[in-house]
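One structure is given here, and the rest of the page talks about it.
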């Protein structure tokens, strides 16, 4: 990890510890509070990767991934808010040349939600659209024949309590076809693929958050007069998971930039996040099942984000095509 | 060897499934989950239709599986008002059975089992709740944690320490079972909210502050409580296997329906997802056969704790595997449907009534002792 990334890791760690840790349960129950949204804007986290001439911070991949990693450690919802704005919404708007909307977003005047719909596997199927952070304006990916559109007006929400990303008031919405097309489906696929490294940063960050909690808990929790960490199955499993995580982090924070490595890391870290969070919850026993202990949210978010950010068929086909150098895995 | 259920049980299974599909309405399941509210109307309807019969454990096991297949929260709520009844059936005096069990069987009371304590978890013998004998009553002090039906049950079959262990290495000595009523002075309970899943079920912490329990509420013999509870776990673990298989089968039903629907719309469904479906289906079948084996030992009065632990441990991991894999197969469709609830409900199976780790301890200890079910 280079010095600049190390500094960013430390800065965002402190930001997350000071501003998010103590309210992480409240975020899950009530959503991200307005003053935290304001602090995220003040910190320059929205627009982090935009070039300075567009009002952004122009951060490199490593620094941006350090932000996502550290936020996901504490609150995957907050990390996804930053990812969604930078890697999906602002990237789309930048590509579409919509500077008017970009300035609204990075100044905090307007908040957008997304309906990733058909870009995801199991997408639109007549049950309404999954909508993340629904607002008065939404970037809708893939409706009206696969175009990327901007919708205005608050969508009708079905008031479903979502599995994950509860801090973002994720819901199911009925969307009206009143949008303005800004990009093609192909453009959005390219943007999605560019997000591989950053998706991996969130998967690994939330895994680290869950494992930190499990390591802490298994040190202090005693059963049959011994700490849980003293038992082989606990200590060995935690050590294996931590080892995997460190190896993945070495890749995440390396100088490598290519999309193939990014796709490989996303594929492996998506599965890893599910496995790590599952063990973290299991080693908390019954207490892990309660939201107050803060580990069940990682378990929910890992699976939820797997469904949203990782497409087990589409993404693996892209990976297979890169590995074989030609179209593969389509039968 | 015949792997099919007897006709009578198969008919019963169909009857329960029809009931669950009819009565476990999606709105009720969603509301109970969202509000963490116990659906008492389902308990009453289940009783009215005679669908839970604790004198017939085969039927009970099948009812649990079929109800959890439709909705685990409602299914467990419908079948758990009798939780701990076997302890009274097997060891309670005629007085206790008449006074307490008859009310539960008649639908006039709900009961619970009070074993787990804060910080106790799997270490049952390390419990701290103390019962001191004074004249013709016990004075109980302590607390219990994660107690199912904790704020709705009328009474609890509770494990307490009535004397210090005669040997520090034999902490399971000196434990006894008492029936403790909610309305006894000094009894209090706190509803535990914010659970990941099975939110329709009621879970609480119990607080016992100088609770006076009449001596006739002692179940069986003083000092034998640990054995009664372990015996009970041997029974309840088969029922948790049934809950788990219900969840796994429910996840399989939903994933399979989704893929069939995708193909019918002309969408391509490749072998990657079909293979995952096959893996779930295979594990569900294997879990069910193992549960039937454990049940056949147990219900024929030849309990085999090793097979029971295998059945519970494997079925609970299958529930978790099936729900997670179904989420993967269905993508965002799973996030928008009740599959996500099944996923949340599944995890507790690997934790309650003995964690997966405890089941492996039981299995490996018995294997090492040479008890290999030969």
Original post:
Got at least one residue in segment A:317-328 being within 23 Å of residue A:61 (Cβ to Cβ) and surrounded by 24 or more Cβ atoms within 10 Å (Cβ to Cβ)?
Top reply: no
Original post:
Of all residues in segment A:221-236 being assigned to a helix (DSSP H, G or I) and facing another protein chain (nearest Cβ under 10 Å), which is surrounded by the fewest Cβ atoms within 10 Å (Cβ to Cβ)?
Top reply: A:233
Subject >> Test set (1) within 14 Å of chain B (Cβ to nearest Cβ); (2) in a helix (DSSP H, G or I); (3) crowded, with 20+ Cβ neighbours inside 10 Å - residue A:266 fails condition number >> reply: (1)
**OP:** Tally the residues that are touching a helix residue (DSSP H, G or I) at 6+ places or on another chain (Cβ under 7 Å) and surrounded by fewer than 17 Cβ atoms within 10 Å (Cβ to Cβ), restricting the search to segment A:34-54.
**Re:** 3
Subject >> First in segment A:17-33 and touching a residue at least 60 places away in the same chain (Cβ under 8 Å), second anywhere and exposed (fewer than 14 other Cβ atoms within 10 Å of the Cβ), Cβ under 7 Å, 6 or more apart >> reply: A:25/A:292
**OP:** Can you tell me which residue within segment A:301-325, out of those that are facing chain B (nearest Cβ under 10 Å) and not in a helix (DSSP H, G or I), is nearest to residue A:273 (Cα to Cα)?
**Re:** A:310
Subject >> Of residues in segment A:52-103 being touching a residue at least 60 places away in the same chain (Cβ under 8 Å) and outside any helix (DSSP H, G or I), the one farthest from the chain's Cα centre (by Cα) >> reply: A:98
Original post:
Can you list the helices (runs of 4 or more DSSP H) found entirely within segment B:273-359 that contain at least 3 residues being within 12 Å of chain A (Cβ to nearest Cβ) and at pLDDT 95 or above?
Top reply: B:305-330, B:339-346
**OP:** Might you check whether a residue that is in contact with a strand residue (DSSP E or B) (Cβ under 6 Å, 6 or more places away or on another chain) and outside the structural domain of residue A:70 (by TED's automatic domain parsing) occurs anywhere in segment A:265-288?
**Re:** yes
Original post:
Can you name every residue in segment A:123-139 that is at pLDDT 75 or above and under 20 Å from residue A:315 (Cα atoms)?
Top reply: A:130
**OP:** Of all residues in segment A:204-220, count the ones that are within 14 Å of chain B (Cβ to nearest Cβ) and surrounded by 24 or more Cβ atoms within 10 Å (Cβ to Cβ).
**Re:** 2
**OP:** Go over the candidates B:194, B:246, B:225, B:220 one by one and state the one that is away from chain A (no Cβ under 13 Å), at positive phi and either at pLDDT 95 or above or under 20 Å from the mean Cα position of the chain (by Cα) (or both).
**Re:** B:220
**OP:** Tell me the helices (runs of 4 or more DSSP H) entirely within segment B:33-139 that contain at least 3 residues that are closer than 22 Å to residue B:203 by Cα and more than 16 Å from the chain's Cα centre (by Cα).
**Re:** B:40-48, B:102-105
Original post:
Out of the residues in segment A:144-160 that are touching a helix residue (DSSP H, G or I) at 6+ places or on another chain (Cβ under 9 Å) and away from every other protein chain (no Cβ under 14 Å), which is modelled with the lowest pLDDT?
Top reply: A:145
**OP:** Please find, within segment A:161-186, the residue that is nearest to the chain's Cα centre (by Cα) out of those that are more than 13 Å from chain B (Cβ to nearest Cβ), within 22 Å of residue A:307 (Cβ to Cβ) and in a loop (DSSP other than H, G, I, E, B).
**Re:** A:169
Original post:
Hey, any hits in segment A:304-322 for a residue that's modelled with pLDDT of 95 or more, under 29 Å from residue B:360 (Cα atoms) and in contact with a helix residue (DSSP H, G or I) (Cβ under 8 Å, 6 or more places away or on another chain)?
Top reply: no
Original post:
Is it true that some residue in segment A:196-204 is under 30 Å from residue B:127 (Cα atoms), in contact (Cβ under 8 Å) with a residue 24 or more places away in the chain and not assigned by TED's automatic domain parsing to the domain that holds residue A:134?
Top reply: no
Subject >> Selection from segment B:255-269 of residues that are facing chain A (nearest Cβ under 9 Å) and either surrounded by 13 or more Cβ atoms within 10 Å (Cβ to Cβ) or at pLDDT 95 or above (or both) >> reply: B:258, B:261, B:262
Original post:
With respect to the numbered conditions (1) under 28 Å from residue B:31 (Cβ atoms); (2) surrounded by fewer than 24 Cβ atoms within 10 Å (Cβ to Cβ), which one is the sole condition not fulfilled by residue B:146?
Top reply: (2)
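The values are calculated or read from the model by the stated rules, or taken from the named source; none is laboratory data. Just so it is clear, the model here is predicted, and its values are computed rather than measured. In this analysis, Cβ positions are derived from the backbone assuming ideal geometry, glycine residues included, and neighbour counts consider all displayed protein chains.
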